[in-house]
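Student: One structure, pasted below without further comment.
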Amino acid sequence: MEKKELHYIHSFGEYIDRFIRALIDYSPKLISAFIILFVGLYAIRIINRLAKKIMLKRELDPTLSKFLADSLLWALRVLLFVTFISKLGIETSSFVAILGAAGLAVGLSLQGSLSNFAGGMLIILFKPFRVGDTIEAQGVVGVVSEIQIFVTKLINGNNQTIFVPNGNLSNGTIINYSMAGMRRADLLFSLSYETNIKTAKEIVLQVMEAHPKVLKTPAPTVSVRDLSDSAIHLSIKPWSKNADFGDMCSDILENCKEAFDSAGIVIQPYVREVTKE
């Protein structure tokens, strides 16, 4: 019994000695690997801050700056991790192959997301609209609240939040109502055939010229759009700044109605705003 115990103690002592020798032999690699890891993490932080400052000085879009900074951060982290495990003596070729296969599988499964990602990059780079612009696209109208990498967030007139995929947005037609800084309203009045057209046009012009939110340049216009079986359709086109557009349209319709009533001009039942020619 004592011999067995002595044998176990002797074997255990040999294992400890071997472990200590292996640790001593391996310690230079271990120490150098962790030095590379800690120095690399510190260097990545400095590089990331420097990249952000450079992009800020060059006045890049904030969304693009954040995305590029994050991409650079993770790319450097992956490179540091591969260097770290390589320094430890771990074979990296199989790891890189697995990473490449995983990337291919993820790419195939996320084709739609990659399309939205590419669309987001195109929007950020070419800037067909900016945050705060009013746009019409994909059948919706709203104010751009945020441009993300995969989607663009719009707020419509009912204060509803609409997320439009950037892939569809970048490949479709976009109407930007804010880019020019001003906007023209296309309003329509239907008047009875007893109306004197010249008098009606003069009344409308006076209403538009008197309104403070109607721009003088370009000058507002009024013209006969067409003659239907039941009415004369008068087209009214005032211009305003983007911020005044809604109030201006409402005021012009109201003021014209009051002016027509005062002049005894009969308005047909349908009065509507025309948004497209």
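The values are calculated or read from the model by the stated rules, or taken from the named source; none is laboratory data. Fair warning: this is a prediction, and the values are worked out from it, not measured in the lab. Cβ sites come from the backbone with ideal geometry, for glycine too, and all protein chains shown count toward neighbours. The protein model used for the area step is the full one, side chains on, heavy atoms only, and it has no ligands, DNA or RNA in it. Shrake-Rupley method; radii C 1.70, N 1.55, O 1.52, S 1.80 Å.
Student: Residue check, residue 184 against (1) under 16 Å from the mean Cα position of the chain (by Cα); (2) within 24 Å of residue 242 (Cβ to Cβ); (3) open to solvent by 50 Å² or more (accessible area, probe 1.4 Å), all met but one. Which one?
Tutor: Just one mismatch for residue 184, condition (1).
Student: Now for a different question. Return yes or no: is residue 202 more than 41 Å from the chain's Cα centre (by Cα) and in a loop (DSSP other than H, G, I, E, B)?
Tutor: Spelling it out, it is not the case that residue 202 is more than 41 Å from the chain's Cα centre (by Cα) and in a loop (DSSP other than H, G, I, E, B).
Student: Determine whether residue 195 is outside any helix (DSSP H, G or I), among the β-branched types (Val, Ile, Thr) and over 23 Å from residue 263 (Cβ atoms).
Tutor: no
Student: Same structure again: Identify all residues within region 126-156 that are in a strand (DSSP E or B), open to solvent by less than 70 Å² (accessible area, probe 1.4 Å) and not aliphatic (A, V, I, L, M); write none if there are none.
Tutor: 134, 136, 142, 145, 152, 153
Student: Going by the structure shown, is residue 23 at pLDDT 70 or above and either of a type in the set (A, V, I, L, M) or closer than 30 Å to residue 118 by Cα (or both)?
Tutor: Working: at pLDDT 70 or above: no; either of a type in the set (A, V, I, L, M) or closer than 30 Å to residue 118 by Cα (or both): yes.
The answer is no for residue 23.
Student: Anything in region 205-228 that is part of a strand (DSSP E or B) and in contact with a helix residue (DSSP H, G or I) (Cβ under 9 Å, 6 or more places away or on another chain)? List them, or say none.
Tutor: Those that are part of a strand (DSSP E or B) and in contact with a helix residue (DSSP H, G or I) (Cβ under 9 Å, 6 or more places away or on another chain): 221, 222, 223, 224.
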